[in-house]
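Written below as structure tokens is the structure these notes are about.
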Amino acid sequence: MSSIRHTAPLAFSISADNQLLIGGLTATRLAARIGRTPCYAYDRALITARIAELRTVLPPDIHLHYAIKANPMPAVVQHLAGLVDGFDVASGGELKTVLDTPMAPAQMSFAGPAKSANELQQAVAAGIVINVESERELRAVTAIGTALGIQPQVALRVNPDFELKASGMKMGGGAKQFGIDAERVPAVLHELRTLDLQFIGFHIFSGSQNLRAEAISEAQEKTLALATRLSQHAPTPVRLLNLGGGFGIPYFPGDQPLDVAQVGERLAELLPAAQRDLPLAEFVIELGRFIVGAAGVYLCRVVERKLSRGQVFLVTDGGLHHHLAASGNFGQVLRKNYPVIVANRVHPETEPELASVVGPLCTPLDVLADKMPLGHAQEGDFIAVLQSGAYGLTASPTAFLGHPPPLEVLV
Ligand SMILES: *Cc1c(COP(=O)(O)O)cnc(C)c1O
């Protein structure tokens, strides 16, 4: 049991024959169906259940958006089109993916620094909301709107004057490449009056991967206050306030799941005052990993069980070229093990052994699990890296060493 203890609560069920069940299929059956390993598999029912959980705990007036960079697989995005209220994209490529869904363009927004003229043109022509990151971008969008004869819909991305505490990745506060510094925003709103644009509102995203409800609530409270303050300089009433997201998921031993119900309760207390101050505003929370992270596994196969000076290595066909985050090289300071299990022997039959799961690359960085308690795995067994539904394949250097990319399936 110790190999799975720290993943609690394990999102996936276990079959009667002790296998991980993904989309109702055992790991063995799924791998046979896909035809090869390694692969990423995302469980449709788990994604649906996650949205239902969020709908239950968040105030009903909150609009829920999916930030697709967490997992842009087209089938996943299509599935979510029927479940969330909007999509947030950060490139022309992501824009194409969401425009292929039935979601209304008015419910989509485009953030990110250094948007190209071509991307801005696509966004204006699509009629989506552009989260403008700088004064230069504001002027570029205006010129594109004039050239196309379309009035662009613009929200200002604000770099807030506070941080999201205890966050895995800080995206706002202090000096940042994202957004317009809050103290500059009144002047920018003033300039906006002279431009042929439709001002929609504000986008304030302070951070990512946060497991502390109090920290998220505190940031939301400050975000609402900041938006209310800035709205006094706006040319027209605020119709959209994107509060960001930052809801984290547990990856490592000792991580406690975010108390999302507590976040929802606190937001329900804060929202009425904000709705009084910004009566026409739609309030949006944008989430990526919280929606898809726990619903995905990376599945690879043990090619060789190797003993080196007493240490067990499970040499697999999968590695960091497919799953950089699990190797500890995507934003981690100290390497920690992702939740990894032997997918066809979930509950170890005997006392777990310490084993390292490594990949096929000629680099010592290619480690998926380092001296981790695992059931005794044999050649041909399946290894599953859990919590892999977000920032997996598309956050990995697939070209490194020239192995084929993994398949992705939604089951
Ligand atoms: C990356 C990003 C998100 C999603 O972050 P998660 O940690 O996956 O929830 C949301 N909004 C913006 C602007 C982002 O850049």
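Do we have L83 as under 25 Å from L271 (Cα atoms) and either in the same structural domain as A114 (by TED's automatic domain parsing) or aliphatic (A, V, I, L, M) (or both) here? Answer is yes for this residue.
Looking across the range 150-191, the residues that are outside any helix (DSSP H, G or I), open to solvent by less than 70 Å² (accessible area, probe 1.4 Å), away from the ligand (no atom under 16 Å from the Cβ) and out of contact with any strand residue (DSSP E or B) (no Cβ under 7 Å at 6 or more places or on another chain) come down to I150, F162, G174.
Go through the range 134-146 residue by residue and tally those that are open to solvent by less than 10 Å² (accessible area, probe 1.4 Å) and not small (G, A, S).
So the answer is 3.
Scanning the range 78-103 for residues that are part of a loop (DSSP other than H, G, I, E, B) and open to solvent by less than 50 Å² (accessible area, probe 1.4 Å) gives L83, V84, D85, S91, T101, M103. Residues in the range 36-47 that are surrounded by fewer than 15 Cβ atoms within 10 Å (Cβ to Cβ) and under 24 Å from G82 (Cα atoms): A45 alone. Among the residues of the range 20-35, those that are surrounded by 14 or more Cβ atoms within 10 Å (Cβ to Cβ) and among the hydrophobic types (A, V, I, L, M, F, W, C) comprise L20, L21, I22, L25, A27, L30, A31, I34. Take P60 and tell me if it is in a loop (DSSP other than H, G, I, E, B), exposed (fewer than 15 other Cβ atoms within 10 Å of the Cβ), free of Cβ contacts under 8 Å to residues at least 40 places away in the same chain and not hydroxyl-bearing (S, T, Y). The answer is yes for P60. Which one is nearest to the ligand (Cβ to nearest atom) among residues in the range 368-394 that are open to solvent by less than 20 Å² (accessible area, probe 1.4 Å), under 19 Å from Y40 (Cβ atoms) and among the aliphatic types (A, V, I, L, M)? Among them, the one singled out is A390.
Tallying residues that are within 29 Å of A213 (Cβ to Cβ), hydroxyl-bearing (S, T, Y) and not in a strand (DSSP E or B) within the range 9-56 yields 2.
Tell me yes or no: at least one residue of the range 284-302 is out of contact with any Leu (no Cβ under 9 Å at 6 or more places or on another chain), open to solvent by 10 Å² or more (accessible area, probe 1.4 Å) and over 30 Å from T56 (Cα atoms). Checked against the condition, which is being out of contact with any Leu (no Cβ under 9 Å at 6 or more places or on another chain), open to solvent by 10 Å² or more (accessible area, probe 1.4 Å) and over 30 Å from T56 (Cα atoms), the range 284-302 yields at least one hit. If you go through the range 325-358 and keep only what is open to solvent by 10 Å² or more (accessible area, probe 1.4 Å), part of a strand (DSSP E or B) and closer than 20 Å to H403 by Cα, you end up with just V358. Every listed requirement among (1) over 25 Å from P186 (Cα atoms); (2) more than 22 Å from the chain's Cα centre (by Cα); (3) of a type in the set (A, V, I, L, M) is met by A281 save one, (1).
Could you say which residue among A143, A123, A114, A106 is out of contact with any strand residue (DSSP E or B) (no Cβ under 9 Å at 6 or more places or on another chain), of a type outside the set (D, E) and in a helix (DSSP H, G or I)?
A143
Any residue at all in the range 124-133 that is buried (at least 22 other Cβ atoms within 10 Å of the Cβ), over 20 Å from E191 (Cβ atoms) and either free of Cβ contacts under 8 Å to residues at least 40 places away in the same chain or in the same structural domain as T223 (by TED's automatic domain parsing) (or both)? Within the range 124-133, one or more residues are buried (at least 22 other Cβ atoms within 10 Å of the Cβ), over 20 Å from E191 (Cβ atoms) and either free of Cβ contacts under 8 Å to residues at least 40 places away in the same chain or in the same structural domain as T223 (by TED's automatic domain parsing) (or both). Of the listed requirements (1) touching a residue at least 40 places away in the same chain (Cβ under 8 Å); (2) within 15 Å of the ligand (Cβ to nearest atom); (3) open to solvent by less than 20 Å² (accessible area, probe 1.4 Å), F110 misses just one: (1).
Here I216 fulfils each of the conditions (1) surrounded by fewer than 18 Cβ atoms within 10 Å (Cβ to Cβ); (2) β-branched (V, I, T); (3) in contact (Cβ under 8 Å) with a residue 40 or more places away in the chain apart from (1). Provide a single number: the residues in the range 227-259 that are surrounded by 19 or more Cβ atoms within 10 Å (Cβ to Cβ) and either β-branched (V, I, T) or in contact with a strand residue (DSSP E or B) (Cβ under 7 Å, 6 or more places away or on another chain) (or both). So the answer is 15. Could you grab the pairs with beta carbons closer than 7 Å, sequence gap of 6+ or different chains, first residue in the range 181-199 and β-branched (V, I, T), second one surrounded by fewer than 18 Cβ atoms within 10 Å (Cβ to Cβ)? So the pair list comes out as V188/E135.
Tell me, please, whether a residue that is touching a Pro at 6+ places or on another chain (Cβ under 7 Å), more than 21 Å from D161 (Cα to Cα) and among the hydrophobic types (A, V, I, L, M, F, W, C) can be found in the range 224-245. No, that holds for no residue.
The values are calculated or read from the model by the stated rules, or taken from the named source; none is laboratory data. Model, not experiment: these values are computed from the prediction. So basically every Cβ, Gly included, is an ideal-geometry build from the backbone, and we count neighbours across all protein chains shown. Surface areas here come from the heavy atoms of the whole protein model, side chains and all, with no ligands, DNA or RNA. Shrake-Rupley method; radii C 1.70, N 1.55, O 1.52, S 1.80 Å.
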